[in-house]
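S.K.: I'd like to ask some things about the structure below.
What follows is calculated from the coordinates using simple rules that are stated; it is not laboratory data. If you're wondering where the values come from, they're calculated on a predicted model, not measured in any experiment. Glycine also receives a Cβ, built like all others from the backbone with ideal geometry; neighbour counts cover every protein chain displayed.
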Amino acid sequence: MIPSAFGYVRASSLANAIDLLRQDPEGTRLVAGGHTLIPTLKLRLASPALLVDIRGIADMRGISIDDKAIRIGALTTHAELLASQQLNDVFPIFRQTATRIADPQVRNRGTIGGSIANADPAADWPAVVIALNAELEIVGPTGSRRVPAKDFFVDIFTTVLEPAEVLAAIHLRRPTLGARFIYRKIRHPASGYAVVGVAVGLRMEDGLVAEMSIGVTGAASHAFSGDAATRFLMAKPLSHESIEEAAKLVSEATECLSDRYASAEYRASLVRTETKRALLSLAA
Amino acid sequence: MNAPLPPYVGQPVKRREDFKFLTGKGRYVDDIKLPGMLYMAIARSPHAHAIIKNVDLGPARASPGVRLVLAGKDLDGRIGPIVPNWIIPGSRVPFRPVIAIDRVRFVGECVALVVAETLAQAYDAVDLIDVEYGVLPAVTDETAAIRDDAPQLHENVAGNVTTIYRVRGGDYAKAAQEADQVIQLRIANNRLIPTCMETRSVIAAPDPDDTLTVYMPSQVPHMHRRWIAETVGIPEHRLRVVAPDIGGGFGAKMHLYPEELLCPYLARELGVPVKWWESRSESHQSTSHGRAHTETIEVAIRNDGTILGMKVDTLGNVGAYLSNMATGGPTVNTVNFGTGNYKIANYEATSRIVVTNTVPVDAYRGYGRPEGAYIAERAIDAVARHLNIDQVEIRRKNFIQRTDFPYRPYGSMGTIYDTGNYDGLLEKALAAFDYEARCTEREALRRHGIYRGIGVAAYTHMCGMAPSRRLAMSGFDRGGWESARVAIDSSGRATVYSGSMSQGHGHVTSLSQIAADVLQIPIENIDVIQGDTRQVQAGHGTFNSRSMAVGGSSLHVCSQQIVAKAKKIAAGMLEVDEKDVAYSAGQFSVPGTDITPLSFAKVARMAYVGHKLPDGVAPGLDETVFYDPTGMSAPSGVHLAYVEVDPETGIVTILDYVAVDDVGTLINPMLAQGQIHGGVVQGIAQALYEEVSYDPDSGQLLTGSLLDYAVPRAEHVPNITSLFQETPSPTNPIGVKGIGESGSIAAPPCMVHAVLDALAPFGITHLDMPLTPPRIWAAVQRARNGANQ
Amino acid sequence: MSEVEKRHVVTLEINGVRRNAEVEPRKLLVHLIREDFGLTGTHVGCDTSQCGACTVELDGQAIKSCTVLAVMADGASITTIEGVSPVASRLDAVQTAFHEHHALQCGFCTPGMVMSVRQLLRDHPDANEDDIRHGIAGNICRCTGYHNIVRAVESLVAKD
Ligand SMILES: Cc1cc2nc3c(=O)[nH]c(=O)nc-3n(C[C@H](O)[C@H](O)[C@H](O)COP(=O)(O)OP(=O)(O)OC[C@H]3O[C@@H](n4cnc5c(N)ncnc54)[C@H](O)[C@@H]3O)c2cc1C
Ligand code: FES
Ligand code: FES
């Protein structure tokens, strides 16, 4: 319940945070909302020497929306994403997802950046940013780069972030008219995390699939994009058969996790069922 | 809000204790901070079974703020061993040191302790304790532990079985022969963690007068005083146990744990207060678990649904050592009740108590009775399913009838159900549930591929373990009585000292309702004191749904003694014969005369000034009663649940839950409903969500925190309709029966039956709890694959 | 002195009173509240941020004080259960509803539950039963089965 001792500093800027990380990449951890890190520290599953509090970095805060694009600062909390009317007018999937993350207290502290950077295989935002074709803005000692969300997650708790890099923001393009998104989640009864979560985006044109994207979390070691299903459905009409086949392709895209609570077969089946249900409701 | 007026019993009087809890002024052990207090932390075994080869305490001793570091061998012979309080005759009791000396037998067993100036320093030092282990093979499952090749836990417990217990009545073998069919089932009662929201915590503080005060959340303060005194070697009268507010007990806070012995020992050695606080993850591996049974059942039936006989084989997993009451749970408390609410004349049951490399298992809300009801109910439901008889009909057909009470199931000597009216409960429940309409709806929806199910469960059991003589026969080293003292002050106000111990039950309210009605004084004029062995004369505490039936009765009798004495004093004051004095509405009067009545307050004043007392009447108005009931009360109930199951995901949605319970006379219907709500949700939790799991090979605890052990949240559970039927118990003067355990007894079979009913179209007839989505999904898959073959 | 050994001064307003404390960085906000400030109505029920017994308001938002470092709360304004009622000898509306509907038994979860209900009523002044159950998802109560807590909150919604 009490962490091992560590030092604490507040980063004054992104550059300052990166500098501190660079000095001791092994012993230094960023803390944003702290709602993954602090529980880990309390159980003494990690014992960094220094915590760098990044909450004061202005560049990483806030949601800005113009007529082309949206920028969500990494420090934006789940509650802010839930509450932002402007954002949800464009992408109601944010509210839909945020209400299913943890509970009100956690949502008031936890950040989308922390969730993505941490890459918990059962976290929700990874699936959503994949389905939204987001680009992740990464800033490091050598400058900044953008990585498509679907290439960001590498393995369990592992991303393309280099030791001294910081996830600064999430970038989205405004959706094409008629595109709709949905997130479906089966929650673990104790942790509340996703046993499986499926985010799907869909746009139909003349009765055929014109745009589609699928992000899946919970099922595998990291969130992934259901590309095979997207390719399969593209330019096809949605029918019970085509939806079935697409859902099957997503569920077969990767080897599923198996743990005490849920078998790999169960997870694969959930991916299929939830993808199917998501497509059915978007098609309706 | 206007204060309610007497009679108070039967009214939903709002709780008198709420204010402090609502404003953050409740006082739990962890809120207590004493000057100079040191903190203890425990190093625990990471292995399920291992030899301790070497313990290096050096680095921990050198750590900042550390005052003392001890391992098991440092305490060997100084304190302990920990011995059970309930030992079924014939049991083999393994040796349990307070801290493991040369061998550990479960993940979480204490191996060393640190005392430091702050809790953080104590934790830091625990991390530096270096123990060298020689890992041994472990066994965690009760069925595996009794195999010939299973690892053996204790030298004196051959085959890992400490106790074999049998009950029988009639002739099962003959019944089986005469039966049309014998059906068999095997059921498991999942291992649970009681999960009081307040974890355990202990502070022991030496007092200047050579006494020691122990603050702990104890359901049984006087019992703890005795056990700690005996195990640590402190004269009992020099030990004071104080149980302040308790954040839930549910059985987990009535045992004797190592930390409750270590703090008093250390406080005495060091001469300063020593505190230990249990973190939640620590709690999962150090506070007793519940349930953990496997049973095999045979039911001998006629094809018309008559049950001729039943045979039960129970394996009760009690963990690595015999905890306080461990031998009593799977035996007396379980298999004695295996025939439930049904007339089953021929019964034969054997229970074996099995030790395994797991956290000790002991009482948890219902202790044995949920397991017993699960046997009876799963059996009768299996019969209904097997014979395709309606689940309600099969129960009606086999119920013990209203006229059969007092009823001795299977001709038992010790098991007696005092009263009951099961058909009445059933009818009331069916009406509240709208059973017929729901059946129709279920059928209609099934045709549309929507799977709904209705579950029914009945239960009865016995609570308020008594009389004392009976406890002796089963090897229970305590009595069945409860004590109450009523002290009236010179203004006529009362202080009640009760040996019962509230852990959220609202005793301050319910006990004062009982006393107020007898004393005929406003409830505001009554205070209730519990949980301090220096203030409360004696007691057994709160468990086994005994507080109202036994504690309440003792208070009722004691209050009557107060009135009797007051009457004598009043007679003297009024200069009339005692038998001419009547007491009503708080006034002593002489009916048929114009003598001015005397108030209770005036008589109380006289008792204390003593100016004019009749001959032979001593001053004071202060009575103490030790009340030993003649028998135990038998609450009963019928619960119904309505669920929908999504076969594609396995997710269960609970649509409705109706509980009709007969808990005898209701003291406070609002509090009674609260007990039902809470108990039912714990039962739903057992049926759908909670399960402790161990890795069968390594013996590692896999549900080590609330991240993986699924205690239900508000979204996981339904509204509960709680109704009552009042059949007063003849076993006590206020007619009450126990209530605290009812919900957790009825809900597990009720929920399982509802889910199985929903899954009936798939041909699924059995699933083990908890019925998690993955488990249900897997069963549906198997059924579908089977159907395809 | 290394960073690890350095103690930090935190200043915050708690229930309307400005307080200072010198803390190790590893000190949790809940321990600051309970131990340094002696406000023991805020409880600790778990070590994995699940139970909500530690819920307080930080700058007007319900948060789990076991999952915030004391140093991170520097400059914040905090309300605990002790500061909920404007008049210490009286219950406020939420507390009164809990009393009236028997929404507490052992009382251990109660302070955190009350803090969450305040947040819930701010977010959903017209909450229905589902909203209520969803809104208190961060708080575990082992005693009441939640039934009466939901009734208590419903009574507050109905009043508006
Ligand atoms: C009780 C509970 C329930 C939860 N339930 C869910 C759930 O249902 N679904 C879900 O998705 N999540 C859940 N979470 C996780 C929660 O959403 C976390 O807040 C989130 O995952 C991490 O965000 P944070 O800001 O708190 O990160 P922190 O804990 O501050 O950091 C997490 C990790 O990411 C690193 N990090 C943080 N920000 C950055 C950045 N900008 N750049 C690089 N690295 C960074 C940190 O160094 C750290 O290693 C739950 C948490 C709790 C406590
Ligand atoms: S103590 Fe903070 S959530 Fe449990
Ligand atoms: S009242 Fe006991 S935990 Fe909620």
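S.K.: Which value does Rg/Rh take for chain B over its C-alpha atoms, Rh per Kirkwood?
M.R.: Using only Cα positions, Rg/Rh for chain B is 0.99.
S.K.: Now a separate question. For B:H507, A:H222, what's the fewest-to-most ordering of other Cβ within 10 Å of each Cβ?
M.R.: A:H222, B:H507
S.K.: How much of the DSSP beta bridge set in region B:202-316 is antiparallel, as a percent to the nearest 5?
M.R.: 80 percent
S.K.: Looking at A:G113, A:F94, A:P148, which one has the Cα that reaches farthest to the positive end of the dipole of region A:90-175 (charges on Cβ: Lys, Arg +1; Asp, Glu -1)?
M.R.: A:F94
S.K.: List the residues, sorted by chain then number, that are 5 or more residues from B:L256 or on another chain and whose placed amide H is less than 5 Å from its amide H.
M.R.: Hits under the 5 Å cutoff: B:N324.
S.K.: Only four residue types carry charge here, +1 at the Cβ of Lys and Arg and -1 at the Cβ of Asp and Glu. Report the dipole size of chain A about the Cα centre in Debye, rounded to the nearest 20.
M.R.: So the magnitude is around 640 debye.
S.K.: For B:L38, which sequence-distant residues (separation of 5 or more, or a different chain) have an amide H within less than 5 Å of its own amide H, given hydrogens modelled in the peptide plane?
M.R.: Under 5 Å from the amide H of B:L38 lie the amide H atoms of B:V274, B:K275, each far enough along the sequence or on another chain.
S.K.: Something else: Each residue of region B:243-259 in turn: what ³J(HN,Hα) in whole Hz from Karplus with 6.51, -1.76, 1.60 and θ = phi - 60°, glycine and Pro shown as x?
M.R.: 10, x, 5, 10, x, x, x, 6, x, 6, 9, 10, 10, 10, 10, x, 5
S.K.: Let me confirm one metric for peptide A:77-85, namely the mean number of other chain beta-carbon atoms within 10 Å of its residues' beta-carbons.
M.R.: 1
S.K.: I've got another one for you. Return the average number of partner chain Cβ atoms within 10 angstrom of each residue Cβ along peptide A:39-48.
M.R.: Across A:39-48, the average partner-chain Cβ count within 10 Å equals 4.
S.K.: Please list, in chain and number order, the residues 5+ apart from B:G108 or on another chain whose amide H is under 5 Å from its amide H, with Hs placed from the backbone.
M.R.: For B:G108, the qualifying residues are B:S45, B:H47.
S.K.: On to the next question. Could you give the length gained on full extension between B:A437 and B:R396, defined as 0.36 nm per residue of separation minus the Cα-Cα distance, in nm?
M.R.: Stretched out fully, the B:A437 to B:R396 stretch lengthens by 12.8 nm.
S.K.: Around B:E436, under 14 Å between beta carbons, what's the net of Lys plus Arg minus Asp minus Glu among the other residues?
M.R.: Surrounding charge for B:E436 is -4.
S.K.: Relative contact order of region A:58-173, please, whole-number percent, based on alpha carbon pairs below 8 angstrom and at least 6 residues apart.
M.R.: Over region A:58-173, the number comes to 28 percent.
S.K.: Report the antiparallel proportion of the DSSP beta bridges in the protein assembly as shown as a percent, rounded to a multiple of 5.
M.R.: Restricted to the protein assembly as shown, the bridges split so that about 80 percent are antiparallel.
S.K.: Check the straight Cα-Cα distances from B:K568 and name the lysines below 30 Å, setting aside those fewer than 8 residues away within the same chain.
M.R.: B:K579, B:K602, B:K612
S.K.: Among the listed pairs A:K248/C:K64; B:K73/B:K253; A:K150/A:K276, give every one whose C-alpha distance is greater than 30 Å.
M.R.: A:K248/C:K64
S.K.: In Å³ and rounded to a whole number, note down the convex hull volume per residue for the Cα atoms of the protein assembly as shown.
M.R.: Dividing the Cα hull volume of the protein assembly as shown by its residues yields 187 Å³.
S.K.: A follow-up question, please. Whole-Hz Karplus ³J(HN,Hα) for region C:36-51, in order, using 6.51 cos²θ - 1.76 cosθ + 1.60 and θ = phi - 60°, x for Gly and Pro?
M.R.: In residue order, the calculated couplings are 6, 9, x, 8, 8, x, 8, 10, 10, x, 7, 10, 10, 6, 9, 8 Hz.
S.K.: Compute the signed sum of charges (Lys and Arg +1, Asp and Glu -1) over the other residues within less than 13 Å, Cβ to Cβ, of A:A134.
M.R.: +2
S.K.: Now, a different point. Short version: ³J(HN,Hα) in whole Hz for each residue of region B:731-736, in order, from phi by Karplus 6.51 cos²θ - 1.76 cosθ + 1.60 (θ = phi - 60°), x for Gly and Pro, what are they?
M.R.: 7, 8, x, 9, x, 8
S.K.: In peptide C:17-27, what is the residue-averaged number of other protein chain Cβ atoms found within 10 Å of each Cβ?
M.R.: Taking the mean over all residues of the peptide, I get 3.
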